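Reading through the structure tokens given below for one structure.
The values are calculated or read from the model by the stated rules, or taken from the named source; none is laboratory data. Worth saying up front: this structure is predicted, and the values here are computed from it rather than measured. Every residue, glycine as well, gets a Cβ built from its backbone with ideal geometry; the counts of neighbours run over all protein chains shown.
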Amino acid sequence: MSFVARRLSPVARWGDSPASGKLLQVAPWCSRLNIWSMAYPHQSEPQRDRALAAKPRYGPRFAVPLGQALAQVLSPQDLQRLRRQGPLLAVVQRVIPPALHSQVQLSSWRGGVLSLSVQGSPLLAELRQFYHAPLLQALQAEGFGVTRLRWQMALARSPRGAQR
């Protein structure tokens, strides 16, 4: 018995046909359904699988400029803050070693005071001692108007799902 006959056994049965010998008869309530366009199970073929995976789903997807996507997600104030702090962050990342980039974030920039949050106290001590003066000089050389650096500990984040 074929796959279609097994799937449709409650609504279809094999009957005799004068031309071909066998004919699938469909129940009247099911005849308005287009059962012949139902997907048959195919064996997996790499070319067919790649072609199906390459087809766009839910319409075409186009590249969108990042600024346009961020404008839809962020508030105008947050977007302006990101645009303003982008060049500052580039200077900070140029002075601080790449291994420490993920542990240092810009907190705020108000009145010429740039606040930097650091993820650990040993790192905070190291940055204050060895990178405070070079970073301040680099920021002043770029003309950002930073007169002071303020180092602070970042708030500890609890892991997701952890209960207090």
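Scanning the stretch 50-90 for residues that are polar (S, T, N, Q) and surrounded by 10 or more Cβ atoms within 10 Å (Cβ to Cβ), we see that the one that is farthest from LEU100 (Cα to Cα) is GLN80. Only residues that are outside any loop (DSSP other than H, G, I, E, B), polar (S, T, N, Q), surrounded by 12 or more Cβ atoms within 10 Å (Cβ to Cβ) and more than 32 Å from the chain's Cα centre (by Cα) were counted in the stretch 127-156, giving 1. Does LYS22 satisfy the criteria of being modelled with pLDDT under 55, of a type in the set (Lys, Arg) and surrounded by fewer than 12 Cβ atoms within 10 Å (Cβ to Cβ)? So LYS22 passes the test. Scanning the stretch 72-84 for any residue that is part of a loop (DSSP other than H, G, I, E, B) and modelled with pLDDT of 55 or more turns up at least one such residue.
Inside the stretch 112-126, residues that are in a strand (DSSP E or B), within 32 Å of the chain's Cα centre (by Cα) and more than 16 Å from GLN93 (Cβ to Cβ) make up a count of 1.
Across the stretch 55-71, the qualifying residues are those that are hydrophobic (A, V, I, L, M, F, W, C), farther than 26 Å from LEU116 by Cβ and in a helix (DSSP H, G or I), and the one among them that is farthest from the chain's Cα centre (by Cα) is ALA71.
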